[in-house]
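All remarks here apply to the structure that follows.
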Amino acid sequence: MDRALPPARRRWHAPALAVAFLAAAAAIAWARAPRLAVATSPQLATVRAGMFRDEVALRARVEPLRSVQLDAAEAGRVEEVLAHDGDHVAAGAPLYRLQSADQEQLLMQRSSEVAQQMANVSVERTAQAASLAQNRRELAHLQAAAQQAESDWRRQQQLADAGFVAPAAVEQSARNRQLAERLLGQAEADQRAEAAIREQSISQMSDAVRGLRRGLQLLERTRDRLLQRAPLAGILSGFELQLGASVRPGDRLGRIDDPSGGVQLVADVDEYWLPRLRAGQAVTSDAGDLVLAQALPQVQAGKVRVLLRWPAGRSPASLRAGQAVDVRLQLSAPSAALLLPEGPGVQSRVYVRQGGTLHRRDAKLGRRASGLVEVLGGLQAGDDVLISQAPADDEILALP
């Protein structure tokens, strides 16, 4: 009997299965093969030859060469403001007046102390005068008594020599004369001692009065300082004092700039550059060429303050205090070098483009300034270098 044959289209199954098998094997082999890390969004820069300018870009501000800070010397409440910010004031011109209740109370207290002490001195001098008068009267009586005793003794002596009185009467008159002389001498000594003590007391009280008067004069001068005057002629800057404001000693109230003294530039430099800062280094700016006059040694918040001045004081007349100026501080003379823009990927080992991949290479780098890095070795002009951060630390990276 006849048998049915399979359809002819089944003959194509074998080639299709072979192709599928080969594709699967290729996929497995690709999956097992090592993959390259891809540098997504790479930033490439070309090494080029040029002039390396060893300089630092700074933002400087204009400050006057000659200025005086206005600091409060006394405490008080602002009673009157006599000048305003930006005014041109003359030397000695009044700026503001303070009112201090404590100063007034202390002044009244010291004045009362001086008056009381002067009254005490007057009372003591009056008592001294009365005592001297009383002493003079007492001495007069004692002197008269001594003279009377002397006369009685002489008379009794004469009568005794004539035989009219007994010797006992003469002895009694002699004792009376000695007593009168002793009382007179003792009174004179006591009065001298009392006068010396009173004079010393009055002298000490007078010294105390003079000391109180000096203190009172100092307080009066302190009250005079409640009216602040300009120490020199110039332009009042940063002066924003308001009526009724409380002021304490040492408060910074503003400053006076002398426009005739010229201006200078002041900039803050990162402390990294401190060892390379030298007086006399050249500085360029749109306002003319300057020199580094001084680098202040104190470091604050990682910054060093430098003073930049024009040679021979020839500062532009158009600059005003507080104005900002872009400057470039030249640390050394320009020199020919291979240059590469600075970036996080510019380290001792860099990635250089070779076709569609990046290959790691050792490089010798030098100074960095103004966004450029000096290439000393390992790279050539025309090399494309990855300056952005590398995604991995592999020898080869793939480009997207």
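Looking at D270, D258, which is the one that is surrounded by 15 or more Cβ atoms within 10 Å (Cβ to Cβ) and either aromatic (F, W, Y) or farther than 30 Å from R110 by Cβ (or both)?
Result: D258 is the single residue among D270, D258 that is surrounded by 15 or more Cβ atoms within 10 Å (Cβ to Cβ) and either aromatic (F, W, Y) or farther than 30 Å from R110 by Cβ (or both).
Whether any residue in segment 236-244 is in a strand (DSSP E or B), farther than 20 Å from E79 by Cβ and out of contact with any helix residue (DSSP H, G or I) (no Cβ under 7 Å at 6 or more places or on another chain) is what I want to check.
yes
Quick one: is L339 in contact (Cβ under 8 Å) with a residue 12 or more places away in the chain, over 30 Å from V327 (Cα atoms), out of contact with any helix residue (DSSP H, G or I) (no Cβ under 7 Å at 6 or more places or on another chain) and buried (at least 16 other Cβ atoms within 10 Å of the Cβ)?
Working: in contact (Cβ under 8 Å) with a residue 12 or more places away in the chain: yes; over 30 Å from V327 (Cα atoms): no; out of contact with any helix residue (DSSP H, G or I) (no Cβ under 7 Å at 6 or more places or on another chain): yes; buried (at least 16 other Cβ atoms within 10 Å of the Cβ): yes.
The answer is no for L339.
Looking only at segment 310-320, decide whether some residue is at pLDDT 90 or above and either hydrophobic (A, V, I, L, M, F, W, C) or not assigned by TED's automatic domain parsing to the domain that holds G280 (or both).
Within segment 310-320 (the criterion being at pLDDT 90 or above and either hydrophobic (A, V, I, L, M, F, W, C) or not assigned by TED's automatic domain parsing to the domain that holds G280 (or both)), the answer is no, since none of the residues qualifies.
Considering only residues that are touching a residue at least 12 places away in the same chain (Cβ under 8 Å) and in a loop (DSSP other than H, G, I, E, B), which ones fall in segment 284-313?
D286, A287, G288, D289, G302, W310
Please tell me if A233 is modelled with pLDDT of 85 or more and exposed (fewer than 11 other Cβ atoms within 10 Å of the Cβ).
So A233 does not fit the description; no.
Please work out if T40 is in the same structural domain as G355 (by TED's automatic domain parsing) and modelled with pLDDT of 85 or more. Steps first, answer last, please.
Values: in the same structural domain as G355 (by TED's automatic domain parsing): yes; modelled with pLDDT of 85 or more: no.
No.
Just one of the numbered conditions (1) small (G, A, S); (2) surrounded by 13 or more Cβ atoms within 10 Å (Cβ to Cβ); (3) on the phi > 0 side of the Ramachandran plot is not true of G163; which one?
G163 satisfies every listed condition except (2).
So which residues in segment 275-309 are in contact with a helix residue (DSSP H, G or I) (Cβ under 9 Å, 6 or more places away or on another chain) and of a type outside the set (G, A, S)?
D289, L290, V291, P297, V299, K303, V304
Residues R110, R11, R35: which one is part of a helix (DSSP H, G or I), among the charged types (D, E, K, R) and either in the same structural domain as L386 (by TED's automatic domain parsing) or at pLDDT 70 or above (or both)?
R110
Which fully enclosed strands (runs of 3 or more DSSP E) of segment 327-379 have 2 or more residues being under 39 Å from the mean Cα position of the chain (by Cα)?
Numbers: elements: 335-341, 349-354, 357-362, 364-369, 372-377.
Because the criterion is at least 2 residues that are under 39 Å from the mean Cα position of the chain (by Cα), the strands (runs of 3 or more DSSP E) in segment 327-379 that meet it are 364-369, 372-377.
Please pick out the residue among A73, A90, A101 that is of a type in the set (A, V, I, L, M) and at pLDDT 85 or above.
Only one candidate passes the filter, namely A90.
Does P316 satisfy the condition of being closer than 30 Å to L36 by Cα, in contact (Cβ under 8 Å) with a residue 12 or more places away in the chain and in a loop (DSSP other than H, G, I, E, B)?
When the stated conditions are applied, P316 does not pass them.
I'd like to check something: does segment 113-125 contain any residue that is under 30 Å from A333 (Cβ atoms), in contact with a Leu (Cβ under 6 Å, 6 or more places away or on another chain) and not in a strand (DSSP E or B)? Steps first, please.
As a first pass, look at segment 113-125 and keep what is under 30 Å from A333 (Cβ atoms): none.
No, the conditions are met nowhere in segment 113-125.
For segment 253-275, does any single residue satisfy the condition of being aliphatic (A, V, I, L, M), in a helix (DSSP H, G or I) and over 18 Å from the mean Cα position of the chain (by Cα)?
Yes; the residues of segment 253-275 include at least one that is aliphatic (A, V, I, L, M), in a helix (DSSP H, G or I) and over 18 Å from the mean Cα position of the chain (by Cα).
The values are calculated or read from the model by the stated rules, or taken from the named source; none is laboratory data. Everything quoted here is computed from the prediction, not taken from an experiment. For neighbour counting, all protein chains shown are included, and Cβ atoms are generated from backbone atoms with ideal geometry for every residue, glycine included.
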